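In what follows, a structure is listed as structure tokens, so that the remarks can point back to it.
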Amino acid sequence: YKMNCDQGSILNKIEFPGSISSINKVKFKETDHFFVCNENIFELVDESLKSVGKWSNELNINFLKNFKNQFVCVSDSKISIIDLNKTDDITLLQQYNFENDISSISSVFEESKIALGFDNGNFCIFDLKNNKTIILNKTHKTKITGCHVIKAREKSVIVTTGMDSQIKIFSGFGNDWMDKKFSLVDNISNHTSWIIDSKLDHTKTNLLTASADGSVRFWPLNPETFLNH
């Protein structure tokens, strides 16, 4: 559904066969679009919800993100780089397999890096250009439900949320990640139960978290606050 939140009215809708696993906002040919994924297909719709492309979901894609002129996608425990320039035809360019299922994925940062959260609480920074893992740590006690990246003070700031009710913030840039010279704010959450989902707002400077404790919380990610914690 496309809704007018001020009026609480439905502006448009589109229906898909089967249940929807994710909706991913991406740039396609320099314009904002949405990829809608389910177990059989993933379909591209424009901002008016008009379908402009459809592909068979043989790779079992759960999430997609922009990566230069291609897309990086998650399929259970795999990340892949794919090309979708041909209608109905997916070109697989690169693939990497992890030991555990991926539960969350950030946008691409520092040209070719991506942050990943896993079902077992592991956190990873992966180099898409060189197809290798830079960091792989046990960061949360349980499943990571959100993995987001913002830019602050010339640093890449990665925010993770988890089913352990915690929020963690990493800050670094370039070789800081490989040399383990990044900083970590270990936990800023006061949720009393699982953080089920989290999103950055449209300015990409504030975090919204939804918890099983019945609350939705708003976290202003002010560099003066969290980078000097």
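The values are calculated or read from the model by the stated rules, or taken from the named source; none is laboratory data. Quantities reported herein were computed from a predicted structural model and do not represent experimental measurements. Here Cβ is always computed from backbone atoms with ideal geometry, including for glycine, and neighbour counts include all displayed protein chains. Only protein heavy atoms, including side chains, enter the accessible area calculation; ligands, DNA and RNA are left aside. Shrake-Rupley method; radii C 1.70, N 1.55, O 1.52, S 1.80 Å.
So the values come out like this:
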| read-out | value |
| --- | --- |
| Only one of 88, 164, 76 that is within 25 Å of residue 38 (Cβ to Cβ) and out of contact with any Asp or Glu (no Cβ under 9 Å at 6 or more places or on another chain) | 88 |
| Answer from 22, 80, 51, 75 - the residue that is open to solvent by 30 Å² or more (accessible area, probe 1.4 Å) and hydroxyl-bearing (Ser, Thr, Tyr) | 51 |
| Exclusive hit being within 30 Å of residue 12 (Cβ to Cβ) and not hydrophobic (A, V, I, L, M, F, W, C), set 110, 39, 99 | 39 |
| Those residues of segment 32-43 which are touching a residue at least 24 places away in the same chain (Cβ under 8 Å) and either under 19 Å from the mean Cα position of the chain (by Cα) or open to solvent by 70 Å² or more (accessible area, probe 1.4 Å) (or both), in sequence order | 35, 37, 43 |
| Boolean, residue 189 is hydroxyl-bearing (Ser, Thr, Tyr), over 25 Å from residue 23 (Cα atoms) and buried (at least 17 other Cβ atoms within 10 Å of the Cβ) | yes |
| Checking residue 156 against (1) loosely packed, with under 13 Cβ neighbours inside 10 Å; (2) of a type in the set (S, T, N, Q); (3) under 17 Å from residue 108 (Cα atoms), the condition it does not meet | (1) |
| Residue in segment 171-186 that is modelled with the lowest pLDDT, counting only those that are open to solvent by 80 Å² or more (accessible area, probe 1.4 Å) and farther than 21 Å from residue 112 by Cα | 186 |
| Residue match in segment 1-15 (condition: among the basic types (Lys, Arg) and under 29 Å from residue 175 (Cα atoms)) | no |
| Unmet criterion (only one of (1) of a type outside the set (Lys, Arg); (2) open to solvent by less than 60 Å² (accessible area, probe 1.4 Å); (3) closer than 18 Å to residue 102 by Cβ) for residue 196 | (2) |
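Results for (1) in contact with a helix residue (DSSP H, G or I) (Cβ under 9 Å, 6 or more places away or on another chain); (2) loosely packed, with under 13 Cβ neighbours inside 10 Å; (3) under 22 Å from residue 200 (Cα atoms), shown as yes or no for each residue.
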site: 11; (1), (2), (3): no, yes, no
site: 30; (1), (2), (3): no, yes, yes
site: 58; (1), (2), (3): no, yes, no
site: 62; (1), (2), (3): no, no, yes
site: 69; (1), (2), (3): no, yes, no
site: 84; (1), (2), (3): no, no, no
site: 87; (1), (2), (3): no, yes, no
site: 106; (1), (2), (3): no, no, yes
site: 111; (1), (2), (3): no, yes, yes
